[in-house]
Amino acid sequence: MPTPTPDAWRRVDAYLSETLVGHDSGLESAVAEQNAAGLPAIEVSPVSGKLLHLLARISGARRVLEIGTLGAYSTIWMARGIPSDGRVVTIEAEPANAAIARANLDRAGVGDKVEIVVGRAADVLPTLEGPIRSGDTAPFDLVFIDADKESNTIYLDWAARLGHPGTVVVVDNIGRGGEVANPATVESNVIGTQRGLEMLARDPRFDATALQTLDLKGWDGIAIAVVTDAAATGDGTSEPGPHRAA
Ligand code: DHB
Ligand code: MG
């Protein structure tokens, strides 16, 4: 089997993107505006964006939670995968990024489906629990975790709490150029990624797998999990989950 060189895997990624994803002015403008504003070019690749979109549709998601908005490229993809009365709540720590994201969402025509909450996710996530517990808002059907990797276990815990059995959870950047398989890594973001994957394996609230990705962003990967019935009973958690039976 040939060894994939960067040239070769970028050529394949471009072929797949051209063949299956195509072009969209809302999405492409979002990337152009993000780059012009000097934001890092770390949005998901087009094929991964479309995967998020398809997961929203396949799961019948109406409510989506995103942790890490950046310029809203992935947000637009997911917003386009939910019904017109659905909602994406996306959390962004950096106000300047949120401003770019808001303009990109409006330009892409999905602005009315998306709420950007500016703040550190670890502070914002607990504020989302009350309305779900009280039944004022439905739990999230799809959660995309794509923020500081050091906090992945915190974000996964909130994904289970704010979701329901059947909620789809996606974690970006689980390959990290192969470093994820280095047990002696000293990179804090890789250690955070490893702890998140170990939590997906061990915590009965999740059932998960992960795929390596080779695309224009390089060698990385995504984890995909489903929230299990254990989340409803609080099994495996130190405190009851939000859907513990009365
Ligand atoms: C980084 C973060 C991301 O979410 C990503 O997709 C790529 C890189 C980073 O922090 O380096
Ligand atoms: Mg990412």
- Item | Computed label-point distance, nm, for sites Trp219 and Glu129 using a 7 Å Cα→Cβ extension | 4.0
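Only bridges with both residues in segment 6-233 count here: give the DSSP antiparallel percent, nearest 5.
Details: 15 of 33 bridges.
That works out to approximately 45 percent antiparallel.
Compare the peptides 202-210, 46-54 by average per-residue count of other Cβ atoms within 10 angstrom and give them in order, highest first.
On the way: 202-210: 17.2, 46-54: 20.6.
Top of the packing list down: 46-54, 202-210.
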- Would you check the accessible area of Glu150, probe 1.4 Å, heavy atoms only, in square angstrom rounded to 10? 90
- Task: Tell me the label-point distance for the pair Asp85, Asn182, using the 7 Å Cα-to-Cβ offset, in nm and rounded to one decimal.
- Result: 5.1
- HN-Hα couplings for segment 206-216 via Karplus (6.51, -1.76, 1.60; θ = phi - 60°), in whole Hz with x for Gly/Pro, come out as 10, 10, 9, 9, 8, 10, 6, 10, 10, 8, 5
- Query: With r defined as the distance between the Cβ atoms of Thr19 and Ala41 and R0 fixed at 25 Å, what FRET efficiency is calculated, to the nearest 0.05?
  - Reply: 0.65
- Pick out which of Arg62, Arg133, Arg87 has the largest mean-square fluctuation in a Gaussian network model of the chain, springs linking Cα atoms closer than 10 Å. Arg133
- Considering the chain as a Gaussian network with a 10 Å cut-off on Cα pairs, which listed residue, Val118, Val180, Val12, attains the greatest mean-square fluctuation? Val12
- Query: What's the FRET efficiency of Ala96 with Trp9 using the Cβ-Cβ distance as r and R₀ = 30 Å, to the nearest 0.05?
  - Reply: 0.40
- Query: With labels modelled as points extended 7 Å from the Cα through the Cβ direction, what inter-label distance (nm, one decimal) is found for Ala201 paired with Ser29?
  - Reply: 4.5
- Message: Can you list residues from other chains, or at least 5 along the same chain, whose modelled amide H is less than 5 Å from the amide H of Ala210?
- Response: Ile224
- Taking 0.36 nm per intervening residue step and subtracting the Cα-Cα distance, what contour gain separates Ala138 from Thr153 on full extension? 3.1 nm
- Message: So if each residue of separation counts as 0.36 nm, and I subtract the Cα-Cα distance between Leu211 and Ala122, what length gain in nm does that give?
- Response: 29.4 nm
- If one builds a Gaussian network model of the chain from Cα atoms under 10 Å apart, the most fluctuating residue listed among Asp172, Asp85, Asp106 is Asp85
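Can you give the local net charge around Val118? Use residues other than it whose beta-carbon is closer than 9 angstrom to its beta-carbon, Lys and Arg +1, Asp and Glu -1.
Details: positive: none; negative: Glu92, Glu94.
Computed value for this residue: -2.
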- Those GluC sites (Glu not before Pro) in segment 167-229 that DSSP places in a loop and that have at most 16 other beta carbons within 10 Å: Glu187
- Message: Placing one identical point scatterer on every Cα of the chain and ignoring solvent, what is log10 I(q)/I(0) from the Debye formula at q = 0.10, 0.11, 0.13 Å⁻¹?
- Response: -0.46, -0.56, -0.79
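In the neighborhood of Asp141, defined by Cβ-to-Cβ distances under 9 Å, what is the net charge if each Lys or Arg adds +1 and each Asp or Glu adds -1?
Numbers: positive: Arg62, Arg63; negative: none.
Residues near Asp141 contribute +2 overall.
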- Item | Helix-only mean residue ellipticity at 222 nm for the chain, each DSSP H run of n ≥ 4 adding -39500 (n - 2.57), per residue, nearest 500 | -11000 deg cm²/dmol
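The values are calculated or read from the model by the stated rules, or taken from the named source; none is laboratory data. This is a predicted model, so every value here is computed, not measured. We place every Cβ from the backbone using ideal geometry, glycine too, and count neighbours over all the protein chains shown. In case anyone asks, the SASA skips ligands and DNA or RNA and just uses the protein heavy atoms, side chains included. Shrake-Rupley method; radii C 1.70, N 1.55, O 1.52, S 1.80 Å.
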